Structure formats: C-alpha cells, structure tokens
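J.: Have a look at this one.
The values are calculated or read from the model by the stated rules, or taken from the named source; none is laboratory data. Owing to the predicted nature of the structure, the values given are computational and were not obtained by experimental measurement. Every residue, glycine among them, receives a Cβ derived from its backbone with ideal geometry; neighbour counts consider all protein chains shown. The accessibility values were calculated without ligands, DNA or RNA, using every heavy atom of the protein model including side chains. Shrake-Rupley method; radii C 1.70, N 1.55, O 1.52, S 1.80 Å.
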Amino acid sequence: MGQIEGWTMRLEVLDPERCAGSQIGMFACTRPHEESRFSEIPCLEERKNNSMFRTPLYPIHVAYFSMEVGLDPAMPTYSGGLGVLAADTLEAAADLGIPMVGMTLLHRQGYFRQHLDDKGHQSESPFGWSPDEFMKPLRPRAAVTLEGRKVQIRAWLYQVKGVSGHVVPVYFLDTALEENSVWDRTLTDHLYGGDERYRLCQETLLGLGGVAMLRALGHRNVKVYHMNEGHSALLALALLQETRGGRGLDGVVPQDLDAIRHQCVFTTHTPIPAGHDQFSMSLVRQILGEERAAFIGSSQCCLVDSLNMTYLALFFSRYVNGVSHRHEEISQTMFPNYPINSITNGVHAVTWTAPAFRRLFDRHMAEWRQDNLYLRYAVSIPLDEIMASHVEAKQELLAEVERRTGQKLDPTVMTLGFARRATAYKRADLLFSDSQRLRNLVQRVGPLQIIYGGKAHPRDQGGRAMIQRIFEAAQTMADSIRVVYLEEYDIGLAKLICSGVDLWLNTPQKPREASGTSGMKAALNGVPSLSVLDGWWIEGHVEGRTGWAVGDSWEESDANPSAEASSLYEKLEGVILPLFYGQPEAYAEVMRSTIALNGSFFNAQRMMFQYLKNAYLATTRP
C-alpha cells in the first residue's frame with residue numbers, strides 16, 4: 001500500500017452499469033479518519049462493496065491539465081502535437097499504474113475539418129461530434145464566476161485503460177447546460193477559436209473550473225497539479241483561494257505562495273515569446289473580477305499591463321521543464337529568473353506502432369508493451385522480418401492514399417513523409433528550394449515520391465500559404481516526382497504515414513522546434529529521419545544509425561536555409577537513395593537500429609518515469 005504522511009492511495013474500480021453517471025475508476029486519497037468525507041460521492045456504498053485494487057508503486061495523486069487531449073481521431077478535442085502528447089502522457093500513466101486524472105475541455109465543435117481545393121487553398125468547417133458515443137456525463141456540477149455571473153459546468157468521463165488494466169479517468173468540461181446563457185453554453189465548443197474574451201473565459205474554465213470540478217467529484221487530496229502549457233495556469237489562483245480559506249487575496253503571505261508552489265508542475269512547449277498567451281489587464285478585470293486582477297497585477301505575472309499565462313505558471317510552480325534538452329536552454333534564456341529543467345517528450349509506443357510491427361515485437365520481445373525498454377532487443381530481429389513488416393505498413397499507407405485521392409503510388413519507390421501542423425517555421429517546402437537540383441538527383445540516383453499532410457490554423461496565413469506552395473511544387477515537379485498532400489490530417493492518418501513511409505523528413509527553422517514527436521513515432525516503426533538538428537533530434541540523431549542530419553550544427557547562428565537545402569540534397573543523393581536502392585539490407589539495418597536506439601528511449605513510459613522521479617515525487621516531498 002502506498003502512503004505518504006498518513007495518506008492512503010487506492011484505485012477504486014467501479015461497475016459502470018451499477019454506477020452509471022458517477023466517476024468510474026476514480027482515485028480516492030483519504031486519511032483513515034476522513035473516510036466519511038466521501039459519503040456524499042455518488043455510489044460510495046457500491047464502491048465499498050466492489051473490488052478494490054491498491055496501487056503500491058507511487059504514493060501520489062496527479063491532476064494533469066491540458067487545453068487539448070487527442071485520445072481518438074473521432075473525438076476532435078485536439079489540434080496537433082500538444083493534444084497528442086497529452087493523450088500519450090495519460091496512456092503511459094495508465095500503463096504504469098500512476099494515480100493520475102486528466103482535465104480538459106469538451107470542444108463540442110472540435111478544432112475544424114480541413115478542405116483543400118486543387119490549388120491548395122484551405123477552407124474549414126465545424127467538426128461536430130457526439131460525446132455520448134465515447135464517454136459518460138457525470139452528475140456532480142461545479143461553477144465558476146465569469147464577468148460577475150455564475151457559469152455551471154458538468155464533466156464527461158473518458159476512461160484510459162492501460163496494458164495492465166489500470167484506469168486513468170479523463171474529465172472533459174462542458175458548459176452546454178440549460179441553466180447557462182446561450183453565449184456561455186458555447187464556451188466549450190471551439191478549440192483555439194473566438195476572440196481574446198472567449199479564450200480567457202475558456203482558460204478560466206479549465207483552470208478555476210477544473211479545480212472546482214475535481215472537488216465536486218471528490219478529488220480533494222491531489223498532491224501534484226501538472227500544467228501542460230500555460231492555458232490552465234489559473235488553477236494556481238483556485239488553489240491559492242482554497243489555501244486562504246475565504247480570507248481573500250489581499251492578505252496573501254509568502255507561506256501561502258510556497259504552499260501552492262509545492263503542488264505545481266509546469267511544462268512549457270513554446271520556444272518563442274510570441275507563442276505565449278497574453279491578455280490585457282482590463283480584460284482580466286472584466287472576466288476574473290477586481291480582487292483576482294489586483295493580485296495578478298501585484299505579482300510577477302504581468303508584462304506591460306497584460307497577464308502572461310506562462311509567467312503565471314512559472315510564478316506558481318516548483319518544477320518547470322522544457323520538452324527537450326535544447327528547449328531547456330532556449331527557455332532558460334527566455335525566462336532567466338526561473339530554473340528550467342528538461343524532460344524530453346516521448347510517444348506512447350503501443351498507440352504509434354503499426355499492427356505489423358506490433359505483431360513482430362510480440363513475437364520477439366513479448367514484454368515490450370509493459371516495458372518499452374525491451375525494444376532495445378530489436379537489434380536481434382532478423383532483417384527480413386523488419387523488411388516484411390515495413391512492406392505491410394507501406395501497403396496500408398499507399399492503399400489509404402489511393403482511397404482518398406485516386407492516385408496509385410509505387411510501393412517500390414523511396415517514399416518521404418512530411419506531416420505536421422502547417423505553419424511557416426516548419427518549412428515544408430524546403431525540399432523544393434532548388435527544383436532543378438532535385439530533378440537531377442532523382443534522374444541520377446533513383447525516384448522519389450512524397451506524402452504530405454497537415455492543417456494550418458485558420459488565422460495562420462503563413463501556414464495556409466505553405467500548403468499552396470506544396471501544391472504548386474507538386475504541379476511543377478509532376479514530370480519527375482509524385483507529390484501528394486492529404487487533407488484532414490488526424491491521429492488515424494498520422495499512424496499510417498509515420499509507419500508507412502521509408503524516410504521521415506523534418507526541416508524546422510532552428511531553434512523553433514521545442515521537441516517534435518512525429519519522428520519518434522516513425523522510429524517505433526523503423527522509419528529513420530532526415531532532419532534539421534533541433535528539438536529531440538539533437539538527442540536522437542546518430543548519423544547513419546537512426547537517420548541523417550540536415551546540416552552539421554544545432555546552433556541558431558549556423559542556420560542558413562540555402563546551406564540546409566544543399567545538405568538535404570547531398571544526403572539524399574550521396575547517401576540515402578544509393579543505400580535504399582543499392583543496399584536494401586543495409587537500409588534495413590538502419591531501420592532496425594532506429595527501433596532499438598530511438599524507439600526504446602523516446603517513448604512516453606521513459607518520459608513518465610522522469611516526471612515521477614524529477615517532478616512529481618520531488619514536488620510532494622516536504
């Protein structure tokens with residue numbers, strides 16, 4: 001039995017039929033004499049009479065807050081990497097038996113559906129969906145005050161079940177209730193939509209409302225609050241108000257602040273100042289009220305009369321980390337007054353491994369699902385089996401391309417994959433910097449075909465223009481190289497592209513790639529990377545073993561688009577294409593070592609062990 005300071009941690013598994021509408025698989029954390037405090041929670045008697053499994057490994061309870069969580073491609077509650085990482089985090093926690101709960105918003109209208117015309121012009125439409133097909137509404141209600149009025153909140157429960165059967169509950173907050181005004185009902189509709197007022201109301205719902213919902217559901221003894229980006233930073237104010245016990249915020253003392261910092265962990269993902277949410281103090285006063293605004297204004301969370309959500313999270317967190325070692329360095333430069341650590345991202349191995357490779361790993365390393373470190377033993381898998389599994393994954397991808405576009409790509413041709421959020425700094429068009437040189441190398445060494453995917457945020461004009469340039473390049477290069485851009489890039493399509501291409505291409509502008517995880521997903525399937533040295537690739541790159549570097553340095557001062565494009569062409573012409581076409585077994589050796597070296601390390605299990613040791617357990621120590 002896990003204990004800390006007299007607290008008992010247990011996982012109570014509820015019967016979903018007998019306890020419909022209540023919290024399923026909720027973690028309770030109580031002192032022995034406080035059992036009665038949970039008598040108001042629905043179905044308590046049912047839980048007492050049901051089976052109980054104790055979790056002895058980790059005597060903590062973590063609440064993980066994220067504005068987006070991508071658990072299912074049919075649930076459009078994510079926009080890209082941040083939400084997918086959140087899901088991978090929660091899935092790894094479930095695999096490892098970590099007593100964690102997730103908190104996010106429901107996003108009834110989703111991010112958006114992407115539509116591309118024959119010139120690459122993107123248009124969008126709402127992505128409506130039915131939450132009741134995936135999760136259950138819970139009876140308890142919570143409320144927050146926005147602009148002086150009460151907004152009621154309910155939660156929907158989604159259960160993440162790990163490989164051992166351990167369950168992590170994820171709560172999706174919803175304001176579409178009759179008792180709310182028409183506008184307030186829309187606050188949990190759109191992910192990253194609306195104006196600043198809408199966004200700050202959403203972030204208030206996530207932070208203040210999320211803590212209120214935890215209490216309404218009986219989670220009264222959370223030890224660690226993990227903020228995945230700054231969107232949920234207002235949870236610190238909710239904790240501070242609890243600590244103050246109704247005495248108001250005008251008399252806050254250092255001991256009060258230390259009590260909150262003791263509980264908070266903050267992960268920042270953005271390596272540029274412009275990427276951090278900021279709201280004018282006049283808007284803060286309007287939405288949060290004078291007392292909270294006055295406290296925020298007197299703290300170190302404001303820049304030029306605006307609330308910076310990242311600074312709010314930094315101010316209240318005991319442990320702060322970037323998402324790669326390089327990102328730690330960049331973040332420390334941006335925020336020199338705060339100690340920044342690093343925990344490099346990882347991906348959920350079982351989720352991102354193609355069926356063919358799952359079966360392969362099951363045959364050779366049966367323990368890999370429970371312990372991803374067993375992927376190190378991929379070095380002993382026969383090369384012909386690696387190649388056969390890849391052929392199957394590639395066939396599935398090309399079949400999907402044909403189904404969507406009518407284009408039949410050649411399975412024998414070297415296929416590059418580039419599928420990311422479409423935005424200017426990711427430079428999806430760097431490959432076409434010198435179209436004639438690209439034509440020449442293909443004629444000399446061997447053919448190429450390229451599969452693209454990715455959505456541009458509706459207001460990201462640079463990202464929208466990038467998609468159009470890829471379409472233009474596809475038309476220009478049609479006589480030499482086949483280029484396909486797949487619309488509606490989502491988790492399901494990402495799984496096919498990451499596992500089915502022969503080479504993963506990544507060309508971000510240094511140092512703007514905080515981590516990047518797509519190449520990690522490809523690595524689990526034996527797909528090596530050809531990437532600029534930035535983010536995670538600085539750590540994962542072993543030249544000729546896990547892939548190849550574009551350029552020779554990760555230093556920002558060495559960033560030169562022309563030189564990087566030249567390096568990209570040199571690697572394709574001088575190394576990669578000759579290896580692929582002339583020495584297929586040698587290329588398969590690179591694939592195998594990619595799994596063994598990068599698949600075994602850049603996974604969410606390793607990431608969660610680091611959070612446990614460096615952040616969660618350290619935060620809970622007195």
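J.: The stretch 185-235 to the stretch 396-432: how many Å between their Cα centroids?
T.: The two parts, judged by their Cα centres, are 36 Å apart.
J.: At 1.4 Å probe size, with the rest of the protein present, what percent of the exposed accessible area of the stretch 180-326 is carbon and sulfur atoms?
T.: Accessible surface attributable to carbon and sulfur in the stretch 180-326 totals 52 percent.
J.: How high is the FRET efficiency between VAL391 and ARG149 when r is their beta carbon distance and R₀ equals 41 Å, given to the nearest 0.05? Kindly include the intermediate steps, with their values, before the conclusion.
T.: Details: r = 60 Å, r/R0 = 1.47.
Efficiency for this residue pair is about 0.10.
J.: Roughly speaking, to the nearest percent, how much of the stretch 521-622's 1.4 Å accessible area is carbon and sulfur?
T.: 53
J.: Also, I was wondering about something else. With 26 Å as the limit, write out which pairs from LYS426/LYS521; LYS495/LYS613; LYS119/LYS455; LYS136/LYS613; LYS408/LYS495 have Cα-Cα distances beyond it, or answer none.
T.: LYS495/LYS613; LYS136/LYS613
J.: How much of the DSSP beta bridge set in the chain is antiparallel, as a percent to the nearest 5?
T.: 40
J.: Gain in length, GLU124 to SER298, computed as 0.36 nm per residue apart minus the alpha-carbon separation, to one decimal in nm?
T.: The GLU124-SER298 span can extend by a further 58.5 nm.
J.: Then there is this: With a 1.4 Å probe and every protein chain left in place, work out the accessible area per residue of the stretch 302-354 in Å², rounded to a whole number.
T.: 32
J.: For the stretch 97-166, with every protein chain kept in place, what is the accessible area per residue (1.4 Å probe, Å²)?
T.: Result: 41 Å² per residue.
J.: So, one more: What accessible area per residue comes out for the stretch 454-514, rounded to a whole number of Å², with a 1.4 Å probe? Mind showing how you got there, number by number?
T.: Working: 2010 Å² over 61 residues.
Accessible area per residue: 33 Å².
J.: Using a 10 Å cut-off on Cβ atoms, rank the peptides 73-81, 142-150, 492-500 from the highest mean neighbour count down.
T.: So the order, starting with the most tightly packed, is 492-500, 73-81, 142-150.
J.: Moving on. Against the empirical 2.2 N^0.38 Å scaling, what ratio does the C-alpha Rg of the stretch 167-255 come to?
T.: Working: Rg = 14.5 Å, N = 89, 2.2 N^0.38 = 12.1 Å.
Expressed relative to 2.2 N^0.38 Å, the Cα Rg reads 1.20.
J.: Helix 561-571 versus the longest principal axis of the chain: what is the Cα-based angle in degrees, 0 to 90, to the nearest 10?
T.: Relative to the chain, helix 561-571 is tipped by roughly 60 degrees.
J.: If you fit an axis through the alpha-carbon atoms of helix 383-405 and take the longest principal axis of the Cα set of the chain, what angle between them do you get, 0 to 90°, nearest 10?
T.: Between helix and principal axis, roughly 80 degrees.
J.: For the chain, what is the mean residue ellipticity at 222 nm derived from helices alone (per DSSP H run of n ≥ 4: -39500 (n - 2.57); sum divided by total residues; nearest 500 deg cm²/dmol)?
T.: The helix-only estimate for the chain comes to -10000 deg cm²/dmol at 222 nm.
J.: Right, another one. Can you send over the carbon and sulfur percentage of the accessible area for the stretch 447-486, probe radius 1.4 Å, protein chains only?
T.: 49
J.: What does the convex hull of the alpha-carbon atoms of the chain project to on average, in nm²? Please list the in-between numbers first.
T.: Working: hull surface 107.6 nm².
So the mean shadow area of the Cα hull is 26.9 nm².
J.: Something else: Where does each of 131-141, 517-527 land if you order them by average Cβ count within 10 Å, highest first? Display every interim value, and only then the final one.
T.: Numbers: 131-141: 15.9, 517-527: 28.3.
Highest mean packing first, the order is 517-527, 131-141.
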